[in-house]
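Structure first, commentary second.
The values are calculated or read from the model by the stated rules, or taken from the named source; none is laboratory data. Values in this document were obtained by computation on a predicted structure and should not be read as measured data. Because the Cβ atoms are built from the backbone with ideal geometry, glycine has one as well, and the counts that use them run over all protein chains shown. Calculation scope for accessible area: heavy atoms of the full protein, side chains included, ligands and nucleic acids excluded. Shrake-Rupley method; radii C 1.70, N 1.55, O 1.52, S 1.80 Å.
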Protein chains: 2
Amino acid sequence: MNINIKECAQILKKKNNILILTHAHPDGDTLGSGFALCRALMKLGKKARVINDDEIPKKYNYLYDDLKFKDFKEEFVIAVDVATENLLGALQDEYRGKTDICIDHHLTNTDYAAKTLLCDVPATCEIIYKLILELGAEIDKKTADCLYTGLSTDTGCFRYASTTSQSYRIAADLIDLGADNGFINRAMFETKTKSYVMLERLALNGLKLYCGDKVAVIKVTQDMYRKTGSNEQETEALAPLTRQIEGVQIGITMREKKDKTCKASIRTFEVNAAQLAKCFGGGGHSQAAACRFDCTINEAEKLIVEKCGEFLL
Amino acid sequence: MNINIKECAQILKKKNNILILTHAHPDGDTLGSGFALCRALMKLGKKARVINDDEIPKKYNYLYDDLKFKDFKEEFVIAVDVATENLLGALQDEYRGKTDICIDHHLTNTDYAAKTLLCDVPATCEIIYKLILELGAEIDKKTADCLYTGLSTDTGCFRYASTTSQSYRIAADLIDLGADNGFINRAMFETKTKSYVMLERLALNGLKLYCGDKVAVIKVTQDMYRKTGSNEQETEALAPLTRQIEGVQIGITMREKKDKTCKASIRTFEVNAAQLAKCFGGGGHSQAAACRFDCTINEAEKLIVEKCGEFLL
């Protein structure tokens, strides 16, 4: 059942001992949403905590380094920025079918929760911001940091075409409330580990152009991780690089898994990335999608490049 | 003499046949400011045009592709985003000492114009936006595009610490007025030529770390331009890459000139880049500065790396 922000706030006002679920391989929007909502609920005198299936990358420490969670048995479960239950990772074992409210901005949300607050905005943090205003909870500096983080990371630091004037206005409000935009954007966008820099170098060295230079492919192998001390977690920043090349319509980043199968991340502007990914059982958004292959990285490269021909403009 | 926005608007209302000077090696802020102001003046029924010493890079075509300039003998000269007359390039020959009003956001402005409208904001376009409101001229879609371009490029797409809540709010207003933020940010930040990508690859291959990995140096040689078909104009995007590496306090990009001398671009966060550049007769801002060397690129690298030791935190 779909609910709006007002209805969601009315429900939350009556609840206590609230558990907030975030998606596996957490990003700035799921964590920013989770910790901002958690802080707001605590300001209202409620017990709340945020959980995640994975270890939270160190760069997000500032989102929660001051929080002390009290132990409690959860009575109400909220999922934030989680489009499908599969994205909960191992948390599914305990919480499948148990989400009371899901707050999300993915239009592909599978409606798995008892109630869903879904808005078509660039970041779930935009919804959380409005929800906190509706709840009447104070937005302190740390809450503003959390909300700004989600807004900035899900819009590529306000760069993507999906960013609206509302996103910019909320960012302005959050800065006025104390969000440290300089620190956050430096941590999110301007800091690369040495091992990542070495990996990027190796990967770019192998960049290949196909289909009259309209398709760009980079491959990341297990051997590259070994040589650079990097790992798969660090490869997220690679994918957007492929479509930045003038004339490239489809950018593909292939990642070799430990079991020698592989995953392809597809980035486009005009070509529908989700439809291309769908040909191989994958999915995603129109400009960013992914799919898996049960074959070697070189075989997969051949398959996907062949398919690209049908999608080029 | 310093004037404020209101005073500037009052003066401009009375003038006609206005020439707008922009700085050499033009960027989004000088061009966006120039063409936005020009459009506003034309909306008020005045004759105006924008000139630049250099050929304007093709990616800025959309700022003025619809404008038809009428010929006129200038009666009033405005410089926008031009901190010193030297930055006018060859336009100095004709216009040195002839600027009636300079509109700028560089606190290092040398006060060369008869009147100066100087504000400490992240982009000159922020001043021009307020000036146009004060002039009462319509801001149409193309004017909004111009203003958004300057705002976005001078803030690193709203990423730099200097970006204020006012910058975000003006961006929101401009999007509501029709600015195509998706198109502009893609053109400014997400489009690399093939030759640039090849150059970046070569340059990153030669990345060296010094002083316990606190100093990163990349070198761009004439040989690299030959090998990649790239040129010096395309090296701007390289400099920020050096300071992105975790632990790096000083990032240096060395560029070899045709005459075998070279130039160093320095990028930092906490270390004062301008002071380091000053040791070699250069200058700039606290996080971005540059200096020249009358020696080979390898000799210059040695000199500057030695000096870095004194500046590390």
Residues whose modelled amide H sits under 5 Å from the amide H of residue A:82, counting only those 5 or more places away in sequence or on another chain, are A:103
Residue A:151 neighbourhood, Cβ < 9 Å, K/R = +1, D/E = -1, net charge -3
What is the spin-label model distance, in nm, from residue B:310 to residue B:2 if the labels are put 7 Å beyond Cα along the C-beta direction? 3.3 nm
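How much length would be gained if the chain were fully extended between residue A:166 and residue A:209, taking 0.36 nm per residue of separation minus their Cα-Cα distance, in nm to one decimal?
Here the segment from residue A:166 to residue A:209 would lengthen by 11.7 nm.
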In sequence order, calculated HN-Hα J values of the stretch B:174-187 (Karplus, 6.51, -1.76, 1.60; Hz; x Gly/Pro): 5, 5, 5, 7, x, 4, 8, 4, x, 4, 5, 5, 5, 5
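Within 12 Å, Cβ to Cβ, of residue A:130, how many net charges do the neighbouring residues add up to if Lys/Arg are +1 and Asp/Glu are -1?
-1
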Return the equivalent ellipsoid semi-axes of the stretch B:78-233 as a descending list in whole Å, where each equals the square root of 5 times an eigenvalue of the C-alpha gyration tensor. 33, 22, 17
Regression test value, accessible area per residue of the stretch B:221-313, probe 1.4 Å, units Å², expected 49 Å²
When the Cα centres of the stretch B:91-169 and the stretch A:66-94 are compared, how far apart do they sit, in Å? 47 Å
Taking the alpha-carbon distance from residue A:307 and a cut-off under 19 Å, which lysines remain once sequence neighbours fewer than 8 residues away in the same chain are dropped? A:208, A:214, A:219, A:263, A:278
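Would you calculate, for the protein assembly as shown, the mean residue ellipticity at 222 nm contributed by helices, counting each DSSP H stretch of 4 or more residues as -39,500 (n - 2.57) and dividing by all residues, to the nearest 500?
Working: 24 runs with 238 residues, N = 626.
Taking each H run of at least 4 residues, the total per residue is -11000 deg cm²/dmol.
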Over chain B, what percent of the accessible surface lies on carbon and sulfur atoms, probe 1.4 Å? 48 percent
Total lysine pairs whose alpha carbons fall under 15 Å of each other in the stretch B:45-103 (8 or more apart, or interchain): 7
Go ahead and run the numbers for FRET between residue A:66 and residue A:286, Cβ-Cβ distance against an R0 of 51 Å, rounding to 0.05. 0.85
Would you mind classifying the stretch B:180-250 by shape? Square roots of the alpha carbon gyration tensor eigenvalues, ordered a ≥ b ≥ c; an a/c under 1.5 is rounded, otherwise it is prolate if a/b is larger than b/c and oblate if not. oblate
Excluding ligands, DNA and RNA, what is the solvent-accessible area per residue of the stretch B:1-109 at a probe of 1.4 Å, expressed in Å²? 47 Å²
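Determine, from the Cβ-Cβ distance of residue B:140 and residue B:114 and an R0 of 35 Å, the FRET efficiency 1/(1 + (r/R0)^6), rounded to the nearest 0.05.
Once the sixth-power term is evaluated, E becomes 0.70.
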How big, in percent, is the set of alpha carbon pairs in the protein assembly as shown lying more than 41 Å apart? 32 percent
Environment charge of residue B:1, counting only residues whose C-beta is closer than 15 Å and scoring Lys/Arg +1, Asp/Glu -1: -2
From largest accessible area down, sort B:210, B:160; use a 1.4 Å probe on the protein chains. B:160, B:210
In vacuo Debye scattering of chain B, one point per C-alpha: log10 I(q)/I(0) at q = 0.10, 0.12 Å⁻¹? -0.60, -0.85
Computed on protein heavy atoms with a 1.4 Å probe, what is the summed buried accessible area for the chain pair A and B, in Å² to the nearest 100? 4100 Å²
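Counting only DSSP beta bridges with both residues in chain A, what percent are antiparallel, rounded to the nearest 5?
Around 45 percent of the beta bridges assigned by DSSP in chain A are antiparallel ones.
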